[in-house]
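Below is one structure, written out as structure tokens, with a few remarks after it.
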Amino acid sequence: MTSKLSPQKLVLMKHNRGHFTPICFFYSPKLSIFILITCVTFFIALCIQFSLQTPPLPSSSESSIFNTTHSSTNHTKELNSLVHKLRSSVTLIPLKDLRYAHAPLEGHTWFMSSMCDTHQDGEVQYQQFPSESSQGRVLCLKGHDTHDGSWNSYALAWPEALPYNTTFMKGLTFVSYNHYNYENMWHGLSAMVPFVAWYKMNNCSMLPSRWVLYHWGELRFKMGLWLGSLMEATFNGPPIIERVDKEGPICFEEAVVMRHNEGGMSRQRRMEVYDLMRCKARMYCNVSLEGSNRELNVRGLPVIGVTLFLRTGPRSFKNETIVAEIFHKECAKMDGCRFMVVHSNNLTFCEQVKLMSLTDILISPHGAQLTNMFLMERNSSVMEFFPKGWLKLAGVGQYVYHWIASWSGMKHQGSWRDPNGDICPYSEDDRRCMSIYKNGRIGHNETHFADWTRNVLAEVKIRKIQEASIKSKTTSSAACACVIPLACSQMKVETDYCVIHFLGSMHHGWPIPNTPWAEACGDRVGAYKAQLPGSL
């Protein structure tokens, strides 16, 4: 018998001895939906749990930032490593290169021998740091030995990679090498002239903060009083001498090195440098810039200043009284001649500047005091005297005052050499005789001295009359011959030392030094400022 099934499903299951027992399950749409929802919910829960356990993959922009940061960190480490290597690899080289100790002039100089100078034709030879030739590296020095220059050393380093334990000094440093010394007026001046030339070449706008002085690579810690005063006048302040006594190297923000004195400079350049030092020294000492050029006597004739500049000890006159009387007699014969007798060791620097400004003819034995000659006006005359034996045995050094006369625009009127003096037990050409003649004293020849003086006086008188005629038609300028920096150079203004300082303080922060003329600067600067255009 068959019956109709309602929505039920009959399932037959084998049960008991092979008989099938019907089992019924009810089918409902609601139940199906419930089961489906339950499954879906369970699946979503599993997905959420999986996502929480697994970190998300970065986006493209996030990946780029991550890579950049990682790369930057690596570059910084590499840069620091490179800087460390550069700092550690800076090599200090002895200032005194013994390979050239016996031949410093044969294509090399044994002081800082690895470096070449910058040199334009007719200009001063120098080294400057940092510069193109140094590849932007600064100069470093180490060691403070005063007896052996090979124990003092130098190196070049990039400012960003200075050696470890370095003292870094800001400002401009002048480093000087001198084959002789800084106490002697002539030798000291020879070492300073190239710095003044470089200073002038740079429009007198770069002043040194300090000096480092070397003699054969050995440190020196002072200049002679005369030289120090001249440098104070020239560079607007007393020279500060660096002792280089730090434990580690000392590196300089800027440095200029001179090691050839005046070598390579043309005569014209040298005269310009001596003109500048003369002018600065006179302003420093409050001495008229005109010197004796415009000085007239009661008859309206130019005054001719004749100075017998004496020294004591070696190479002094045996009888100063007789020598002075010879020159005085000849001077008295010429209208307008003024005669002075002065001992060089009794004068201060400014007294020597004043004396030379009043001198047209300088009469003096060979010696350092003759270095003062450049403080006279250009075209002034020099008469020099030697003891016995110098001509044959003294070498080229006996002509240094011929050289400075030429370089500073003076006229060397020749030399008198005493034929009489101490007797040498060796032949006259024997070099051992020089130890006897070197410090000999000088006699006199009245006839020769008188004739010589008369001729020089006549020549100087003609020159001074001609110069007086020319100068009367020109306007005097109180300016030192140096280009004034910045806007003033464009205006082509003629000014004086006070005005230069005003401009320096305005543009470069120069201090007004405490000098004898400083008090007078106020009025001059005030008058000058009144002439300035509003834009300056």
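The values are calculated or read from the model by the stated rules, or taken from the named source; none is laboratory data. All figures in this text were calculated on a predicted structure; none of them were measured in a lab. A quick note on method: Cβ atoms are made from the backbone with ideal geometry, for glycine too, and the neighbour counts reach across all protein chains shown. Remember, those area values only see protein heavy atoms, side chains included, never the ligands or the DNA or RNA. Shrake-Rupley method; radii C 1.70, N 1.55, O 1.52, S 1.80 Å.
What number of residues within the range 119-130 are open to solvent by less than 30 Å² (accessible area, probe 1.4 Å) and part of a loop (DSSP other than H, G, I, E, B)?
1
Of all residues in the range 309-335 being charged (D, E, K, R) and either open to solvent by less than 60 Å² (accessible area, probe 1.4 Å) or over 30 Å from GLY395 (Cα atoms) (or both), which is nearest to the chain's Cα centre (by Cα)?
ARG311
Let me confirm something: among GLY305, GLY263, GLY291, which residue is out of contact with any helix residue (DSSP H, G or I) (no Cβ under 7 Å at 6 or more places or on another chain) and not in a strand (DSSP E or B)? Can you show your working first?
Details: GLY305 fails: not in a strand (DSSP E or B); GLY291 fails: out of contact with any helix residue (DSSP H, G or I) (no Cβ under 7 Å at 6 or more places or on another chain).
Exactly one residue qualifies, and that residue is GLY263.
Would you call SER205 part of a helix (DSSP H, G or I), among the polar types (S, T, N, Q) and either touching a helix residue (DSSP H, G or I) at 6+ places or on another chain (Cβ under 8 Å) or open to solvent by less than 20 Å² (accessible area, probe 1.4 Å) (or both)?
no
What residue, of ARG282, ARG338, is open to solvent by 40 Å² or more (accessible area, probe 1.4 Å) and either in contact with a Leu (Cβ under 8 Å, 6 or more places away or on another chain) or part of a strand (DSSP E or B) (or both)?
Answer to the check: ARG338.
Yes/no per residue for (1) in a loop (DSSP other than H, G, I, E, B); (2) among the aromatic types (Phe, Trp, Tyr); (3) under 17 Å from LEU95 (Cα atoms):
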position	(1), (2), (3)
GLN135	yes, no, no
CYS140	no, no, yes
SER150	no, no, yes
LEU156	no, no, yes
GLU160	no, no, no
MET169	no, no, no
VAL175	no, no, yes
GLY188	no, no, no
ALA191	no, no, no
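Restricting attention to the range 156-178, which residues are at pLDDT below 95 and under 18 Å from the mean Cα position of the chain (by Cα)?
Result: TYR177, ASN178.
Suppose we filter ASP117, ASP121, ASP145 for residues that are acidic (Asp, Glu) and in contact with a Leu (Cβ under 8 Å, 6 or more places away or on another chain); which single one remains?
From the options ASP117, ASP121, ASP145, the qualifying one is ASP145.
Does the range 341-382 hold any residues that are over 13 Å from LEU310 (Cα atoms), outside any helix (DSSP H, G or I), hydrophobic (A, V, I, L, M, F, W, C) and open to solvent by 10 Å² or more (accessible area, probe 1.4 Å), and which are they?
The one that is over 13 Å from LEU310 (Cα atoms), outside any helix (DSSP H, G or I), hydrophobic (A, V, I, L, M, F, W, C) and open to solvent by 10 Å² or more (accessible area, probe 1.4 Å): LEU358.
Can you name the condition, by its number, that ASN293 falls short on among (1) surrounded by fewer than 16 Cβ atoms within 10 Å (Cβ to Cβ); (2) modelled with pLDDT under 95; (3) of a type outside the set (Phe, Trp, Tyr); (4) farther than 19 Å from TYR126 by Cα?
With (1) surrounded by fewer than 16 Cβ atoms within 10 Å (Cβ to Cβ); (2) modelled with pLDDT under 95; (3) of a type outside the set (Phe, Trp, Tyr); (4) farther than 19 Å from TYR126 by Cα applied to ASN293, the lone miss is (1).
Any idea which residue in the range 440-470 is nearest to VAL306 (Cα to Cα), counting only those that are free of Cβ contacts under 8 Å to residues at least 60 places away in the same chain and of a type outside the set (A, V, I, L, M, F, W, C)?
Here the residue is ASN455.
Any chance you could count how many residues in the range 184-196 are open to solvent by 10 Å² or more (accessible area, probe 1.4 Å) and in contact with a strand residue (DSSP E or B) (Cβ under 7 Å, 6 or more places away or on another chain)?
Qualifying residue count for the region: 1.
Filter the range 216-236 down to residues that are open to solvent by 10 Å² or more (accessible area, probe 1.4 Å) and not in a helix (DSSP H, G or I) and give me whichever is farthest from ALA191 (Cα to Cα).
Top of the filtered list is ASN236.
Among the residues of the range 383-421, write down those that are of a type outside the set (Gly, Ala, Ser), within 37 Å of the chain's Cα centre (by Cα) and assigned to a loop (DSSP other than H, G, I, E, B).
MET410
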